[in-house]
Amino acid sequence: MKIAVAQMNPVVGDIKGNAGRALEFLRRAEASGAELVLFPELALTGYPPLDLLERREFVRENLLALKDLAARTRGTACLIGYADFNPSPRGRRLLNGAALLHKGRIAGRRFKSLLPTYDIFDESRYFEPATSNEPLPFKGARLGVTICEDVWAGTALLPWRELYGGSPLAGLRKKGADIYLNLSASPYYCGKPAERLSILSGVARRLGRPLVYANQYGANDDIIFDGNSLALDGKGRIVAAARPFADDLILFDTERPAGDAMPFAPGETAELRAALKLGIADYFSKMGFSRAVLGLSGGIDSALVACLAADALGPDNVTALLMPSRFTEKRSVDDALRLARALGIRHETIPIDPLYRTFASALGRKNPYAKIDLTLQNLQSRARGTLLMARANEHGALALATGNKSEIAMGYCTLYGDTAGALAPLSDLVKGRVYELSALYPEIPASIMKRPPTAELKPGQKDQDDLPPYEKLDRLVSLLVEDGLTPEKAAAAAGLSEKEASRIAARITANEYKRRQLPIGLKVTRKAFGQGRKMPVAKRLSAGPGPGC
């Protein structure tokens with residue numbers, strides 16, 4: 001059987017547009033001679049639709065689109081993800097479904113069995129799990145249809161415990177499925193594509209049958225999807241592989257032996273750049289914006305955000321504001337100007353001292369340069385945030401915040417100041433990762449790369465005056481936040497003292513209130529500060545910060 005995989009980028013809520021994109025893929029698959037084209041999970045609604053699923057009219061609209069798409073099918077069938085009403089009076093109101101559309105009608109439906117409820121997933125909020133799954137007959141074959149999580153049960157992607165009582169794959173195998181199809185919306189994090197490939201290859205080998213995997217690509221809010229759709233033979237060998245982070249249509253013939261197809265592997269840092277670039281581009285386009293503004297300080301974080309924004313949106317759509325104060329060194333301004341010119345982005349300089357003095361005067365500070373306490377430092381940052389948001393309003397643009405994960409973890413940022421913006425592209429990158437990624441951009445002056453980080457809010461200030469060395473901090477943030485270790489275990493893993501690890505863990509915990517008010521970030525690690533990490537703000541932890549702080 002010739003099976004095509006449609007790797008598409010759905011827009012959440014745009015049911016009409018998603019159905020139109022699906023029809024375009026269907027026609028391309030027909031032209032390539034495919035008998036069946038496989039689409040991602042919830043391709044009609046976009047993933048994740050979240051509480052849009054609580055609107056009955058939204059679900060009805062996706063069912064009408066499904067019916068209309070079915071009427072447009074001819075000889076080539078399609079298997080597409082959608083949301084359906086649960087016919088049973090018991091359980092949750094909806095089912096996460098896959099419909100086989102062929103020759104003008106809906107020829108079959110299958111539903112998701114395993115509903116993830118961890119990290120960014122909360123599918124049990126909306127869907128009822130299927131209690132059984134039968135192979136779907138099509139052109140003499142018995143299709144084992146699974147949806148995303150259904151294929152992960154009992155694999156290394158869920159290593160901490162077995163979440164489910166059984167595997168839908170085992171049941172389908174007993175019932176004689178001979179081709180396995182998986183509709184997926186599997187989010188990206190750094191290293192995930194390689195992990196996923198290893199697991200899918202192992203699943204195909206255990207089944208001894210072909211496995212075809214369709215994953216969506218694109219970004220919806222903070223979640224990035226890499227695509228990397230695949231077709232594997234019964235020995236786990238790759239027969240066809242889609243490009244990452246891109247529209248693609250691949251073709252797989254179950255009767256042909258494995259070819260020499262290899263997955264696209266750009267390298268981890270280049271992969272990360274592609275993910276962030278896509279995250280920015282889709283956030284803007286799906287919000288209906290094309291222009292960005294950001295504060296360009298002459299530091300490494302804002303330099304990288306400027307590069308990513310220019311990459312994602314085009315240099316003509318990016319405006320950098322240089323907002324120096326009396327404490328800004330000349331080399332900072334010079335470096336920022338060099339970068340802006342190298343990238344070809346618009347730039348303007350607005351000194352903040354007049355606004356800073358006005359703010360300080362309103363507080364009764366007659367000489368705001370005499371003793372620069374924390375209040376006055378934050379006033380400078382808030383003056384910049386005010387100007388940045390004003391320019392964003394004037395330009396019909398979105399502002400980009402430039403903070404990184406290490407700073408955000410420690411609360412080393414100013415609410416309504418450097419945290420102002422609509423999107424924080426670096427919020428899931430520790431400082432060391434920022435430097436690694438920046439090395440891919442030759443436009444960034446070497447002087448920025450080599451200079452010790454500083455906020456320049458008072459004379460001679462350096463980040464290391466207020467934070468541990470970033471090499472230590474990055475490691476502990478990863479261990480405490482991403483791996484969920486206790487301070488004691490994190491200290492042992494990092495080779496640091498328990499006292500130091502506990503102090504950092506306590507500071508991470510104490511700054512939850514700040515993170516709740518930050519812009520959306522882009523998730524690129526296993527555990528980001530975002531919707532997948534739910535911590536209370538008002539709390540008292542008598543036993544210390546504890547795991548996952």
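Placing +1 on the Cβ of every Lys and Arg and -1 on the Cβ of every Asp and Glu, with no other charges, gives the chain a dipole of roughly 780 debye about its Cα centre.
Dipole size in debye (nearest 20) for region 198-238 around its Cα centre, Lys and Arg Cβ +1, Asp and Glu Cβ -1? Mind showing how you got there, number by number?
Working: 5 positive and 4 negative charges, 105 e Å.
That gives region 198-238 a dipole magnitude of about 500 debye.
Put +1 on the Cβ of every Lys and Arg and -1 on every Asp and Glu Cβ in the chain; which of Leu211, Ser290, Ile15 then has its Cα farthest towards the positive end of the dipole? Selected residue: Ile15.
Backbone phi angles across region 291-300, fed through the Karplus curve with coefficients 6.51, -1.76 and 1.60 (θ = phi - 60°), yield HN-Hα couplings of 10, 10, 10, 8, x, 10, 9, x, x, 6 Hz in residue order; Gly and Pro are listed as x. From the list (1) 135; (2) 210; (3) 169, can you say which value of volume of the Cα convex hull per residue in Å³ was derived from the structure given? So the structure-derived entry is (3).
Relative to the longest principal axis of the Cα atoms of the chain, helix 374-395 runs at roughly 50 degrees. A protection proxy built from the mean count of other Cβ atoms within 10 Å ranks the segments 281-289, 222-230, 476-484, 176-184, most packed first, as 222-230, 176-184, 476-484, 281-289.
Rounded, prolate or oblate for region 2-256? Axes are the square roots of the Cα gyration tensor eigenvalues, ordered a ≥ b ≥ c, and the cut-off for rounded is a/c under 1.5. Before the final figure, lay out each step's value.
Values: a/c = 1.23, a/b = 1.04, b/c = 1.18.
Taking the square roots of the gyration eigenvalues as a ≥ b ≥ c, region 2-256 is rounded.
Which pairs break 23 Å Cα to Cα here: Lys489/Lys514; Lys2/Lys286; Lys472/Lys527? Each step should come with its number before you reach the end.
Values: Lys489/Lys514 26 Å; Lys2/Lys286 33 Å; Lys472/Lys527 19 Å.
Over 23 Å apart, Cα to Cα: Lys489/Lys514; Lys2/Lys286.
Mean residue ellipticity at 222 nm from the helices of the chain, using -39,500 (n - 2.57) per DSSP H segment of n ≥ 4 over the full residue count, to the nearest 500 deg cm²/dmol?
-10500 deg cm²/dmol
If you sort the three axes of the alpha carbon gyration tensor as a ≥ b ≥ c, you get a/c of 1.5 or more for region 464-516 and a/b no higher than b/c, which makes it oblate. Peptides 404-412, 299-307, 388-396 ranked from most to least packed by the mean count of surrounding Cβ atoms within 10 Å: 299-307, 404-412, 388-396.
I need to check one value: relative contact order of the chain, counting alpha carbon pairs closer than 8 Å and at least 6 residues apart, in percent.
So the answer I get is 11 percent.
Against the chain, whose longest principal axis is taken from its Cα atoms, helix 192-207 shows a tilt of about 20°.
FYI, it's all coordinate maths here, none of it is from the lab. Since this is a predicted model, take the numbers as computed values, not measurements. Methodologically, a virtual Cβ is constructed for each residue, glycine included, from the backbone with ideal geometry; neighbour enumeration extends over all protein chains shown.
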